[in-house]
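A.B. asks: Before we start, here is the structure in question, set down as structure tokens.
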Amino acid sequence: MSEASEFGEIPPGVVSLGDWEAPARDRLDPGVRAYLAGHAGDGVTARRNRDAFLAAEIVPRVLLDERDAETPVDLFGRRIAMPILVAPVAHQGLFHREAERGSAMAASAVDTIFVASTLSTLPLEAIAAAADGGGQWFQLYPQADSGLTDELVARAEAVGFEALMITVDAPVFGVRNVEQRVGFRLPVELAPANLVGWARMTTSAAADGLAALLAGRPTWAEVERIIGRTRLPVLLKGILDTADAERAVAIGAAGVVVSNHGGRVLDLAPASLDRLAPIRERLGDDAVVLLDGGVRRGADVWVALRRGADAVMVGRPLIEALAVGGPLGVAHALRTLAEETAITVALAGRP
Ligand code: GLV
């Protein structure tokens with residue numbers, strides 16, 4: 001029997017994050033499927049993200065004295081139930097009629113943080129209205145026009161978002177052949193509500209398009225300017241190099257997200273898990289360090305925490321859950337991952 005409510009449905013047999021993939025593949029049309037599952041180049045980095053976790057080992061510990069295996073975490077003054085955040089994902093209207101509202105409701109229901117993308121289908125104000133007391137952060141793509149960037153940040157502050165996550169690894173769109181092969185284009189009616197004259201997401205690497213994108217690329221100076229203006233804590237997302245991590249903190253960031261954008265930007269980049277420990281070591285204990293890319297199991301969460309992450313973010317599997325199961329599906333997926341994490345703690349101790 002599947003479990004259904006007005007908030008969505010858990011199909012029979014869906015018991016782990018990976019179980020959402022096949023039903024999502026069946027349900028989504030080929031273009032949207034290619035956009036979601038897509039990666040840069042030949043998908044080497046996307047595979048590396050998973051392979052790094054598959055190569056990890058957890059030595060069990062026996063006769064532990066843990067009575068409580070839960071893993072709540074404090075981030076910027078908010079305690080959340082699990083070290084697992086909902087990663088920013090663009091255009092959620094492609095996947096469910098509730099779009100970002102559905103994912104945000106789910107995050108709030110299981111007491112974790114929803115990160116809203118600059119490229120959200122819905123306006124930031126509508127997403128914030130779904131928070132229901134839960135924490136929300138804003139993922140910022142700095143705009144070519146700083147005035148527009150400042151407006152976005154001001155709106156994020158006004159609606160109560162609690163942190164900014166500035167994505168710095170995608171000054172241009174990656175080589176996205178998976179989408180190109182099926183000719184995926186974002187339907188005009190799903191153009192992101194928060195940007196005017198939106199033109200960034202071109203899958204064409206035409207030279208003039210590239211030059212135009214690069215002319216508007218964010219710089220260290222611009223990111224420092226944004227950090228200096230906002231009252232919110234800032235994380236830089238898309239850091240894999242230790243010197244970049246150090247520089248991020250030196251210009252005032254509270255920390256970094258160790259990420260290769262789910263393997264969607266630069267193919268042959270290393271697995272994010274493989275860059276985590278060196279970056280934590282370089283930044284020390286005070287910085288906030290998150291990781292995304294390849295997290296599918298509670299054991300993966302445990303490994304990431306063990307190697308220095310404060311928390312992880314999950315993207316694609318939660319969108320698959322949204323597409324198939326709606327907000328209930330996303331909540332179920334998050335809860336499943338948190339429970340698996342607790343089971344790992346019970347079997348291997350605190351990371
Ligand atoms: C957007 O950031 C994407 O990777 O599709």
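The values are calculated or read from the model by the stated rules, or taken from the named source; none is laboratory data. This structure is a prediction, so every number in the text was calculated from the model and none was measured. In this analysis, Cβ positions are derived from the backbone assuming ideal geometry, glycine residues included, and neighbour counts consider all displayed protein chains.
A.B. asks: Restricting the search to the range 269-287, which residues are more than 19 Å from the chain's Cα centre (by Cα) and within 16 Å of residue 300 (Cβ to Cβ)?
C.D. replies: Scanning the range 269-287 gives a single hit, 277.
A.B. asks: Applying the selection to the range 147-182, what residues are polar (S, T, N, Q) and crowded, with 21+ Cβ neighbours inside 10 Å?
C.D. replies: 149, 167
A.B. asks: Here's a follow-up. Within the range 56-78, is there a residue that is in contact (Cβ under 8 Å) with a residue 40 or more places away in the chain, touching a helix residue (DSSP H, G or I) at 6+ places or on another chain (Cβ under 7 Å) and under 17 Å from residue 320 (Cβ atoms)?
C.D. replies: no
A.B. asks: For residue 13, only one of the following conditions fails: (1) within 13 Å of the ligand (Cβ to nearest atom); (2) surrounded by fewer than 21 Cβ atoms within 10 Å (Cβ to Cβ). What is its number?
C.D. replies: All conditions are met except number (1).
A.B. asks: Would the range 267-283 turn up any residue that is farther than 20 Å from residue 73 by Cβ, within 16 Å of the ligand (Cβ to nearest atom) and not β-branched (Val, Ile, Thr)?
C.D. replies: yes
A.B. asks: Just a yes or no: is a residue in the range 278-287 among the small types (Gly, Ala, Ser), under 30 Å from residue 60 (Cα atoms), in a helix (DSSP H, G or I) and without any contact (Cβ under 8 Å) to a residue 60 or more places away in the chain?
C.D. replies: The answer is no; no qualifying residue exists.
A.B. asks: Let me ask another. Pairs needed: first member in the range 299-322, at positive phi; second member anywhere, part of a helix (DSSP H, G or I); C-beta distance under 6 Å; at least 6 residues apart or different chains.
C.D. replies: Listed by first residue and then by second, the contacts come to 308/276; 308/277; 308/280.
A.B. asks: I would also like to ask the following. Can you tell me which residues in the range 316-351 are out of contact with any helix residue (DSSP H, G or I) (no Cβ under 6 Å at 6 or more places or on another chain) and not in a helix (DSSP H, G or I)?
C.D. replies: Once the filter is applied, which keeps residues that are out of contact with any helix residue (DSSP H, G or I) (no Cβ under 6 Å at 6 or more places or on another chain) and not in a helix (DSSP H, G or I), the range 316-351 yields 349, 350.
A.B. asks: Name the helices (runs of 4 or more DSSP H) wholly within the range 34-146 that hold at least 3 residues that are more than 16 Å from the ligand (Cβ to nearest atom) and surrounded by fewer than 19 Cβ atoms within 10 Å (Cβ to Cβ)? It would help to see each step written out before you state the result.
C.D. replies: On the way: elements: 44-54, 99-109, 124-129.
So the answer is 44-54, 124-129.
A.B. asks: Then there is this: Looking at (1) within 16 Å of the ligand (Cβ to nearest atom); (2) modelled with pLDDT of 95 or more; (3) outside any helix (DSSP H, G or I), which one does residue 162 not meet, given that it meets all the others?
C.D. replies: Unmet for residue 162, out of (1) within 16 Å of the ligand (Cβ to nearest atom); (2) modelled with pLDDT of 95 or more; (3) outside any helix (DSSP H, G or I): (1).
A.B. asks: Kindly check whether there is at least one residue in the range 180-202 that is modelled with pLDDT under 85, among the polar types (S, T, N, Q), on the phi < 0 side of the Ramachandran plot and assigned to a loop (DSSP other than H, G, I, E, B).
C.D. replies: Yes, there is a match, as at least one residue in the range 180-202 is modelled with pLDDT under 85, among the polar types (S, T, N, Q), on the phi < 0 side of the Ramachandran plot and assigned to a loop (DSSP other than H, G, I, E, B).
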